[in-house]
1. Going through ALA239, ALA249 one at a time, which residue ends up being under 15 Å from LEU204 (Cα atoms), in a helix (DSSP H, G or I) and touching a Cys at 6+ places or on another chain (Cβ under 9 Å)?
2. I want to confirm something. Restricting to the range 257-305 and keeping residues that are more than 16 Å from ligand 1 (Cβ to nearest atom) and of a type in the set (Gly, Ala, Ser), which single residue is farthest from ARG109 (Cα to Cα)?
3. Given the residues ILE282, ILE278, which is the only one that is in a helix (DSSP H, G or I) and farther than 18 Å from PRO206 by Cα?
4. Can you list the helices (runs of 4 or more DSSP H) lying wholly within the range 52-127 that have 2 or more residues being within 11 Å of ligand 1 (Cβ to nearest atom) and within 16 Å of ASP143 (Cβ to Cβ)?
5. Can you say whether THR90 is β-branched (Val, Ile, Thr), within 16 Å of ligand 2 (Cβ to nearest atom) and out of contact with any helix residue (DSSP H, G or I) (no Cβ under 7 Å at 6 or more places or on another chain), as far as the supplied structure shows?
6. Of the residues ALA173, ALA249, ALA167, ALA192, which is within 30 Å of LEU76 (Cα to Cα), out of contact with any strand residue (DSSP E or B) (no Cβ under 8 Å at 6 or more places or on another chain) and not β-branched (Val, Ile, Thr)?
7. Examine the range 222-232 for a residue that is surrounded by fewer than 17 Cβ atoms within 10 Å (Cβ to Cβ) and either touching a strand residue (DSSP E or B) at 6+ places or on another chain (Cβ under 8 Å) or in the same structural domain as HIS112 (by TED's automatic domain parsing) (or both), and state whether such a residue exists.
8. Name every residue in the range 130-153 that is modelled with pLDDT under 65 and surrounded by fewer than 22 Cβ atoms within 10 Å (Cβ to Cβ), in order of residue number.
Amino acid sequence: MFQGLLERILTTDFVSTDGQKKTTERLRRRDLPEAKAHAEGILQGDRILLSRAITLIESTRPEHQAIAQEVLEICLPHAGRSTRIGITGTPGVGKSTFIEAFGSWLTARQEHKVAVLAIDPTSRLSKGSILGDKTRMERLAADPRAFIRPSPAGESLGGVAARTREAMLLCEAAGYEVILIETVGVGQSEVAVHGMVDFFLLLLLPGAGDELQGIKRGIVEMADLIAINKADGERRELARYARREYNRALQLLPPKLGGWKPKVLTCSSLTGDGIPEIWQLISDYMSQAQQTGWLELHRRQQAKNWLFDLVKERLELRFMSHPAVQSNLQQIESEVLEGRISASHGAEVLLRLFDTPEALPR
Ligand SMILES: Nc1nc2c(ncn2[C@@H]2O[C@H](COP(=O)(O)OP(=O)(O)OP(=O)(O)O)[C@@H](O)[C@H]2O)c(=O)[nH]1
Ligand SMILES: [Mg+2]
């Protein structure tokens, strides 16, 4: 029911009533001069202001958030004109090395501006996966056509993903034509990246089945392209074999929603073999998706899902930091643990505390 109501608010009729319009506008523009300056810089491709705006997005301070949200509002109409690519694969498969090779090829051969972002919820400890192995992206890091941003430090995957998505929109407004988003390949972060990109690339190693590589079937199903990486030296033959095997396995999967049939290629980030073919394939995908209208539809669907993700995440945050909830949570939790009340009863009590804290006894 809740989702239904929000969907109604989102659809045109409801939004176009006067009262609703005013609310949206009041939330929207505050005319913060700092926001304007940042946005203007971003639209002119200023990397320093782009970096600073992303830092504001990542900040938890309300005054920073206010500026960041206004920068986003101004930049949003200029976003969306890029090819958004998610790259995943288990640790060590060669994601960073691939991004270095692929990104450098795109800036040099296609003269594209390339932005590299990451979703890595574990990066709170390692200070950012990309930053951690910057040596593997030395060439790209020094490339004036490339912009590399490590994964934001965040408490939750949802938070990190939201920040990355917003950073992606700012990069697009700054004129980056290809956005590469790296993720760690072992869990929920794939789903988050899949929810914000047009094309999902899974890197695998030659010579090991996906179960051996710790790749879940669900992730294989999300892939638009599987690239068997490190197809060089002695592994060339193995990679060719793996390609045939995966091709066969992909035939068994149901067709994708947009009508695309996932492909398998081999590549090597060391020799550069396979890189032009990968770009060609992604370009074919993009033109097909544009022609059929799938790209537009898919992005709208992603934006809608994102809205609900944000609502859920913020509701949970508010719920958990609510004073009445906080002071009763432990007790209710232990009552449920000891079987004195049902989980459903406990949830209802907590939700009531959240709704009307003053009306209920402690
Ligand atoms: N032979 C060969 N080695 C490669 C290739 N790509 C990467 N490597 C090597 O594989 C190792 C891991 O590469 P990374 O790019 O750090 O892998 P990653 O997937 O980013 O790893 P995490 O960030 O830890 O998840 C490095 O020692 C690379 O030199 C390749 O195409 N061929
Ligand atoms: Mg890496």
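1. It is ALA239.
2. So, considering only residues that are more than 16 Å from ligand 1 (Cβ to nearest atom) and of a type in the set (Gly, Ala, Ser), the one farthest from ARG109 (Cα to Cα) is ALA303.
3. When all the criteria are applied, what remains is ILE282.
4. Details: elements: 62-75, 95-109, 123-126.
Result: 95-109.
5. Details: β-branched (Val, Ile, Thr): yes; within 16 Å of ligand 2 (Cβ to nearest atom): yes; out of contact with any helix residue (DSSP H, G or I) (no Cβ under 7 Å at 6 or more places or on another chain): yes.
Answer is yes for this residue.
6. The match here is ALA173.
7. no
8. Those that are modelled with pLDDT under 65 and surrounded by fewer than 22 Cβ atoms within 10 Å (Cβ to Cβ): LEU131, GLY132, ASP133, LYS134, THR135.
The values are calculated or read from the model by the stated rules, or taken from the named source; none is laboratory data. The structure presented is a predicted model; accordingly, all values stated were derived computationally and were not measured. Neighbour counts run over all protein chains shown; Cβ positions are idealised from the backbone, glycine included.
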